[in-house]
Amino acid sequence: MQIIPGNARKHTYAIFQRVAIGQLLSSRFFKRHLFTTGVVVLLCFFAISVRFDCTTSMQTINALRHEIEVMRTYKQSERSRYMTLTRESSMQHMVDSLRLGLSVPEHRPLAITYSDTSHEQQ
């Protein structure tokens, strides 16, 4: 018997309806195989709980990996900042010990471009 895809939902619904009513599997079947049915139901619950635990553990692992990457980036930027400050302070200490009177300027030096316009007018 071939099931047409449009009627597949109706056929599946009819099977579940017959099981619920007791036409396909009677209550005597469940009484006779109570232990086996209970074990099968417990195994299904166990499989669902293991799958849930695995999924939540994978989400936790992914979140921790992301946090590790963020911390690595933060560590690198702090290390660079520390090395820059250490380099500047050691240079300033050396300049102060030699009494050169130099200091680190607050702003970057301005770039002044020179264009000779006096030759262009003639």
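The values are calculated or read from the model by the stated rules, or taken from the named source; none is laboratory data. All of these numbers come straight from a predicted model, not from anything done at the bench. Heads up, the Cβs are rebuilt from the backbone with ideal geometry, glycines too, and the neighbour counts pull from every protein chain shown. Quick note on the areas: whole protein, heavy atoms, side chains included, nothing else; ligands and nucleic acids left out. Shrake-Rupley method; radii C 1.70, N 1.55, O 1.52, S 1.80 Å.
Is at least one residue of the range 100-115 out of contact with any helix residue (DSSP H, G or I) (no Cβ under 9 Å at 6 or more places or on another chain), surrounded by 10 or more Cβ atoms within 10 Å (Cβ to Cβ) and not hydrophobic (A, V, I, L, M, F, W, C)? No: zero hits. Scanning the range 12-40 for residues that are among the hydrophobic types (A, V, I, L, M, F, W, C) and touching a helix residue (DSSP H, G or I) at 6+ places or on another chain (Cβ under 8 Å) turns up 24, 25, 30. Applying the set (1) more than 26 Å from the chain's Cα centre (by Cα); (2) open to solvent by 90 Å² or more (accessible area, probe 1.4 Å) to residue 76 leaves exactly one unmet item: (1). Looking only at residues in the range 3-37 that are outside any helix (DSSP H, G or I) and open to solvent by 100 Å² or more (accessible area, probe 1.4 Å), the one that is modelled with the highest pLDDT is 23.
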